[in-house]
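A short write-up of the structure that comes next.
The values are calculated or read from the model by the stated rules, or taken from the named source; none is laboratory data. Note that this is a predicted model, so its numbers are computed, not measured. Neighbour counts are summed over all protein chains in view; Cβ atoms, including those assigned to glycine, are modelled from backbone coordinates with ideal geometry.
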Amino acid sequence: MEQQSIQVPGYGAIMICGSPFIDGRFRSAQSDETLVTINPATGQPIASIAACGAADVDAAVASARKAFEDGRWSRRSPKDRKLVLQRFADLLDEHREELALLETLEVGKPISDTRSVDIPKAAYMIRWYAEAIDKQYGDVAPTGPTALALTTREPLGVVAAIIPWNFPLYLAAYKLGPALATGNSVILKPAEQSSLTALRAAELAVEAGLPEGVFNVVTGNGLTAGRALGLHMDVDCIAFTGSARTAKVFLRYAGESNMKKVQLEAGGKSPNIVMPDATDLDEIARQAAWGVFYNAGQVCSAGSRLLVHRNVHDELLGKIADVTAEMKIGDPLDEATQIGALIDEAQLRRVLGYIEQGKLEGAELVAGGNRTLLSSGGYFVEPTIFAGVSNQMAIARDEIFGPVLSVIGFDSADEAISIANDSDFALGAAVWTSSIDTAHSVSALLHAGLVWVNNYDASDLTVPWGGFKQTGTGRDKSLEAMNEYTGSKTVWIARR
Ligand code: ADP
């Protein structure tokens, strides 16, 4: 497939190639199928991308396997891998503007976010793992004088990273950073809606000195390219972020093929609890509103269930409605825009369907509830708040992945904890209180991978990311993520 030129208003043209990136360069796909990426803010096509099939996946896996086995990366010294990955991170930073524009065009998120959050954080993540890798030590086991037992962490081999569209490059970096730093070869399959930054990143990685075949990108549909990776007998690990429905399919693929390791982050329905003694309702309102409406609600850790003690319920709800009314929804290329479009028409229909269901089930619509900016042709939905929600309603149980907040009242801490934990998911949870006792007792009882006290969704790379129940298995971020892409190996040396 040749280069395509994407015209960006106010910027000029960006050249892209929509072919799979295999063995260090773009290759013509063996599949004839293509998919068209759409700008969610206009509904207009952006580029034509190869919809890779099983033969393309085979080629990518063969390239990754060869690179792994001959040691061109897997047996380089950690110090050398560090230098290459640092250079890769530098190149991501140097190309920040171009990558930010591509991501904004493809996924409809505000340019102010892609420029200042998504792309810089992706580069930072790669750099962080690069810096970590030559500070990892193995163990000498206390075996006694007759043996020397050395336990080290070994790379798994060929890792397939399957990524969603809500933070394309950033979530790719979640997997790429630790997987590459520890010496694996990676095949990245971006979501069908958002291939462009993955393809560009692979080119930049090679420019940084990453050997051919160590980082391949296979674009295309989940049911073909994703499935072929999931079932492949020569893929050692699947690193997945996406929906719980697809996460379960990957567990099945692993069972039906080679029992590959599967690491899954599959979203949440995170509770944000406000106790009656919480102070600074203005700040709580700000964080509660942005905690669910950021990225148009398309965030796995969105605080989509707000549990509020009835003593402060009405006052806080009014403040949240005020914060929400001020949010600037609009053209993602406009620097003033704070909320962009939903990813595609299917997601728009799904979100509007949940809003209708919320009304039918008897929740009270306090704000929003409609599609907006129709003349743009884009898929925009107003930030929407429902009050009077019961935890049994669909809007309280399902991960909507859109700008919909469900507000649930409660009367006691026990009731709040029981509602919070009554979910299929367990990613994030928050509690706001001025009592140190309540902070400790409630956070101890919340079943979630991340519990925030007096803040919502604060985190950085130093702490693990993931959860329990149908949120998935394993952890992204922090040094813990390196364990996802390595296994322990013991060498037992007899002493005479
Ligand atoms: P979302 O609902 O956020 O789009 P999905 O779980 O559908 O999340 O998609 C996340 C990733 O999983 C995407 O890269 C997609 O192509 C891939 N995918 C979706 N369905 C399948 C499937 N049945 N088999 C393999 N991969 C899939």
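Evaluating Arg252 against the criteria (1) within 8 Å of the ligand (Cβ to nearest atom); (2) out of contact with any strand residue (DSSP E or B) (no Cβ under 9 Å at 6 or more places or on another chain); (3) not aliphatic (A, V, I, L, M) leaves one unmet condition, (1).
Filtering segment 174-191 to residues that are more than 16 Å from the ligand (Cβ to nearest atom) and assigned to a loop (DSSP other than H, G, I, E, B) leaves Thr182, Gly183, Asn184.
Of all residues in segment 248-263, those satisfying the criterion of being surrounded by fewer than 24 Cβ atoms within 10 Å (Cβ to Cβ) and either of a type outside the set (Ser, Thr, Tyr) or modelled with pLDDT under 95 (or both) are Lys248, Val249, Leu251, Arg252, Ala254, Gly255, Glu256, Asn258, Met259, Lys261, Val262.
Here the condition is being farther than 25 Å from Asn221 by Cβ, part of a loop (DSSP other than H, G, I, E, B) and at pLDDT 95 or above; of Arg76, Arg87, Arg81, it holds for Arg76 alone.
Could you tell me whether segment 201-213 includes any residue that is within 12 Å of the ligand (Cβ to nearest atom) and among the aliphatic types (A, V, I, L, M)? The answer is no; no qualifying residue exists. Summed over segment 412-467, the residues that are out of contact with any Asp or Glu (no Cβ under 7 Å at 6 or more places or on another chain) and in a loop (DSSP other than H, G, I, E, B) give a count of 20. Screening Leu223, Leu171 for residues that are within 15 Å of the ligand (Cβ to nearest atom), surrounded by fewer than 24 Cβ atoms within 10 Å (Cβ to Cβ) and either within 19 Å of Asp118 (Cβ to Cβ) or of a type in the set (A, V, I, L, M) (or both) leaves exactly one candidate, Leu223. Checked against (1) over 25 Å from the mean Cα position of the chain (by Cα); (2) without any contact (Cβ under 8 Å) to a residue 60 or more places away in the chain, Gly377 passes all but condition (2). Among the residues of segment 322-347, those that are hydrophobic (A, V, I, L, M, F, W, C) and more than 16 Å from Gly297 (Cα to Cα) comprise Leu333, Ala336.
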